[in-house]
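Quick notes on the structure that follows.
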Amino acid sequence: MTNLLIDNAFQLEVAAKQIISIESLEDALSLRELQLDSYLVLGSATNMIVDKFYDGTIIKVSMREIEQISEDITSVGAGLSWDKLISYCIDNKLFGIENLTLIPGSVGAAPVQNIGAYGVEVSSVIESVTCYNFSTKQVEILSKAECKFSYRQSIFQSKAYLILSVQFRFSKVFNPNISYPSLLQFLEQESINHDSLSSRQLSSAIQSIRESKLPSPDKIPNVGSIFKNPIVNSDSIDLDFLSGHRWELPEGKTKLSAARLLETVMAGIKIPPSLGFYEKHSLVLINRGGAVFKEVIELLKDIQDEVHGLYGINLEIEPEIVGS
Ligand SMILES: Cc1cc2nc3c(=O)[nH]c(=O)nc-3n(C[C@H](O)[C@H](O)[C@H](O)COP(=O)(O)OP(=O)(O)OC[C@H]3O[C@@H](n4cnc5c(N)ncnc54)[C@H](O)[C@@H]3O)c2cc1C
């Protein structure tokens with residue numbers, strides 16, 4: 001057991017009844033001897049908003065080893081920060097995750113929502129995931145197919161597993177994915193030649209693009225986009241007011257910009273002084289200092305009510321909300 005205060009990217013004051021750190025497979029297996037009535041698995045809490053007291057056990061994986069387990073497969077401990085893995089891959093000429101540069105968080109959380117950015121999803125390089133199954137109380141290796149990856153989803157959202165390590169099949173050949181429009185535009189603006197592009201250059205291009213619009217949680221407490229972009233039936237509402245801020249999808253659906261929806265209602269919303277929205281990205285809620293869970297939840301509810309009242313559109317909260 002360690003300190004009972006919990007670090008979290010939104011920097012709310014959060015404590016828990018018990019915190020367990022998992023350092024090895026043996027530690028994971030020792031979980032079977034515990035009566036875990038309520039538990040919460042945490043990485044770096046960059047995608048979570050947690051109430052001030054968690055009346056249960058917080059489980060954190062501290063395994064951080066990077067091992068080359070065969071010529072093609074690299075196994076990485078769940079507790080390693082995602083950024084460190086990016087640097088390791090660039091230094092060791094292992095390719096495939098450059099576009100995921102600067103996504104905050106841990107390696108263990110990456111498969112949970114199948115993190116993605118700039119046209120690449122982490123599932124494209126995952127071979128298998130080693131985890132402790134809370135139901136069978138065994139350590140199991142789930143193949144990529146068993147992980148059931150899809151857009152921002154996987155089997156791990158069922159909460160049945162504690163991810164201990166992730167096995168990656170990185171490419172030995174650099175085959176960059178630069179199809180994403182804002183990435184292409186950046187490379188053009190900076191006169192970076194596509195043919196001589198290196199993985200380090202691609203990673204720093206992504207870093208520059210992200211830094212120009214997203215605040216680092218280390219400097220400004222935040223959990224990224226606070227609402228998901230809603231997907232609606234195209235004929236269900238008059239969408240003219242979102243011209244330029246909506247994208248047609250197959251099967252008569254339309255994706256709407258949550259940022260734009262938010263901007264249209266902000267004038268009527270009372271924001272407490274401890275909270276605000278980042279000036280370069282209207283979907284990023286920031287803690288200006290001293291914010292408390294209740295204020296965050298009330299503010300998000302006010303926005304949801306306003307958007308629903310005006311347009312009949314449901315805004316879904318993106319990070320996981322853990323109430324007490
Ligand atoms: C500024 C900013 C930008 C972001 N940009 C992106 C982006 O571009 N693309 C994207 O996909 N995401 C993005 N995110 C979201 C976030 O970075 C990812 O969801 C990240 O993977 C969360 O990692 P974490 O370690 O902080 O996980 P946490 O927030 O601690 O946990 C997230 C979820 O994973 C579970 N979990 C964590 N570790 C484990 C484990 N070892 N075993 C089982 N379950 C576990 C938790 O229970 C929880 O359900 C962004 C967040 C921020 C703050």
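Laboratory data are not the source of any read-out in this text; all were calculated from the coordinates shown. None of these values were measured; they are calculated from a predicted model. Using ideal geometry, Cβ is built from the backbone for each residue, glycine included, and neighbour counts are taken over all protein chains shown.
Selection of region 256-290 for residues being outside any loop (DSSP other than H, G, I, E, B), over 19 Å from the mean Cα position of the chain (by Cα) and under 17 Å from residue 310 (Cβ atoms) yields 256, 260, 261, 262, 263, 264, 265, 266, 267, 268. Taking residue 116, is it within 13 Å of the ligand (Cβ to nearest atom) and surrounded by fewer than 21 Cβ atoms within 10 Å (Cβ to Cβ)? It is true that residue 116 is within 13 Å of the ligand (Cβ to nearest atom) and surrounded by fewer than 21 Cβ atoms within 10 Å (Cβ to Cβ).
The single condition among (1) in a loop (DSSP other than H, G, I, E, B); (2) within 22 Å of residue 319 (Cα to Cα) that residue 244 does not meet is (2). If you scan region 160-178, which residues turn out to be closer than 28 Å to residue 189 by Cα and within 16 Å of the ligand (Cβ to nearest atom)? Matches in region 160-178: 177 only. Of all residues being farther than 20 Å from residue 94 by Cβ and among the polar types (S, T, N, Q) in region 119-150, which is surrounded by the most Cβ atoms within 10 Å (Cβ to Cβ)? Just the residue, please. Checking each candidate, the answer is 133. Only residues that are in contact (Cβ under 8 Å) with a residue 60 or more places away in the chain and either surrounded by fewer than 16 Cβ atoms within 10 Å (Cβ to Cβ) or closer than 19 Å to residue 117 by Cα (or both) were counted in region 221-235, giving 8.
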